[in-house]
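Inspection log for the structure reproduced underneath, given as structure tokens.
We did not get these values from a lab; they are worked out from the coordinates using the rules stated. This one's a predicted model, so the numbers in the text were calculated from it and none came from an experiment. Neighbour counts run over all protein chains shown; Cβ positions are idealised from the backbone, glycine included.
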Amino acid sequence: MTLLHLENVAAHYDQFQALRDISLSVAAGETLAVVGSNGAGKSTLMKVICGALPASAGRVRLNGQDIAGQPAHRLTAQGIAMVPEGRRLFRSLTVEDNLRIGAYAGRKGPWTLERIYQLFPELVKRRDNRGLDLSGGEQQMVAIGRALMSNPQMLLMDEISLGLAPIVVNQIYRALPDIAAEGMGLLIVEQDINRSLSVAARFCCLMEGRVNLTGPCADTDRKALMDAYFGVS
Ligand code: ATP
């Protein structure tokens, strides 16, 4: 069942067109990896989906309902959540309060504090620590937990491995299939293509604001993907 569907979406920063004619979809329980070089439009695509930047053309549908142009807080209530690049925790609040804030304006569903602690047991002993006392990996777990607390249907993750040690990234990536198992759609953006392709069912490669190549991650023709990534025609 299609959860998120974008049809011919465009986006601008003033006169500059950052996205053109983007069409893609994510099914319930599916993970889509969005890849592309610097400036390809990955972050802009996420901003459009989560309501931080209005699409200048096209349609964005969640469960068949047009959500384009709605403010971010209303999209949270409808089931779109984002783990932003840089985590953006409330550094003076405790882990538990940061998590609780995620439930505010969200939906009811399977994700509770207990479930988040099951997903990331490392956070249990840190529940009363403040955001600024945490390691980068713990902060990222809290940022993911906070997004899950709104019980989204569609979760967007921007560069969740940035600046983290590989062992911590492994820990976090191990949790992603458990999240998708609830029927949630995931859209992930990573610099590390191998990492994102390893958990996703399909990829979408952007180049200069357009979809240059899309397909299943299993048995991907790596040369074709690299050509699409670097714009070799
Ligand atoms: P990166 O991997 O470097 O984060 P990206 O694929 O996420 O890149 P975007 O950040 O979406 O790319 O940027 C797409 C294009 O839009 C780039 O040319 C960028 O310079 C431009 N751009 C991004 N943000 C703004 C902004 N606030 N104002 C004007 N132009 C912007």
* To do: Multiply the residue gap between E85 and L162 by 0.36 nm, knock off their C-alpha separation, and tell me the result in nm, one decimal place.
  => 26.9 nm
* Name the lysines eligible as straight-distance cross-link partners of K125: C-alpha to C-alpha under 30 Å, and not fewer than 8 places from it in the same chain. => K108
* Work out from phi, with θ = phi - 60° and the Karplus expression 6.51 cos²θ - 1.76 cosθ + 1.60, the ³J(HN,Hα) of each residue of the range 163-172, listed in order in whole Hz, and give x for Gly and Pro. => x, 9, 5, x, 5, 6, 4, 4, 4, 5
* Tell me, what ³J(HN,Hα) does each residue in the range 40-54 have, in order and in whole Hz, if you take phi through Karplus 6.51 cos²θ - 1.76 cosθ + 1.60 with θ = phi - 60° and put x for Gly and Pro? -> 5, x, 5, 5, 4, 4, 5, 4, 5, 5, 8, x, 7, 9, x
* Of the options I193, L176, G209, report the single residue whose Cα projects farthest towards the positive end of the charge dipole of the chain (beta-carbon charges: Lys, Arg +1; Asp, Glu -1). => L176
* What percent do you get for the relative contact order of the range 117-233 when only Cα pairs under 8 Å and 6+ apart count? -> 18 percent
* To do: Please tell me the relative contact order of the range 13-84 in percent, rounded to the nearest whole number, where contacts are Cα pairs under 8 Å and at least six residues apart.
  => 22 percent
* Ratio of Rg to Rh over the range 58-151 (Cα coordinates, Kirkwood Rh, two decimals) -> 1.03
* Taking H as built 1.01 Å from N, whose amide H comes closer than 5 Å to the amide H of A57, not counting residues under 5 places away? -> A10
* Over the alpha-carbon set of the chain, work out the extent along each principal axis and list the three values in angstrom, largest first. => 52, 36, 34
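By the scheme Lys and Arg +1, Asp and Glu -1, what is the net charge of all other residues having a beta-carbon under 13 Å from that of G79?
Here the count lands on +3.
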* **Hull shadow area, averaged, the range 116-233 [alpha-carbon convex hull, nm²]** => 8.5 nm²
* Which number do you get for Rg(Cα) / (2.2 N^0.38 Å) in the range 154-200? -> 1.08
* Only bridges with both residues in the range 112-215 count here: give the DSSP antiparallel percent, nearest 5. => 50 percent
* Treating the beta-carbon of each Lys and Arg as +1 and of each Asp and Glu as -1, no other charges, what is the dipole magnitude of the chain about its Cα centre, to the nearest 20 debye? -> 420 debye
* Give, as a single signed number, the net charge of other residues whose beta carbon lies under 11 Å from the beta carbon of S43, with Lys and Arg counted +1 and Asp and Glu -1. => -1
* Taking amide hydrogens as modeled 1.01 Å from N in the peptide plane, which residues meet the under 5 Å criterion relative to G183, leaving out close sequence neighbours? -> G29
* Once phi is turned into θ = phi - 60°, what whole-Hz ³J(HN,Hα) does the Karplus curve with 6.51, -1.76 and 1.60 give for every residue of the range 10-15, x standing for Gly and Pro? -> 10, 8, 10, 10, 6, 7
* Structure fact -> Net charge near Q140 (other residues with Cβ under 12 Å of its Cβ; Lys, Arg +1; Asp, Glu -1) is -2
* Can you list residues whose amide H is under 5 Å from V35's amide H, if they're 5+ apart or on another chain and H is modeled 1.01 Å from N? -> C204, C205, L206
* Along the positive direction of the dipole of the chain (beta-carbon charges: Lys, Arg +1; Asp, Glu -1; about the Cα centre), which of I67, A55, A27 reaches farthest? -> I67
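With an 8 Å cut-off on Cα pairs and a minimum separation of 6 or more residues, tell me the relative contact order of the chain in percent.
RCO, the chain: 28 percent.
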* Comparing Y13, Y104, Y117, which has the greatest mean-square fluctuation in the GNM of the chain with Cα pairs linked when under 10 Å apart? -> Y13
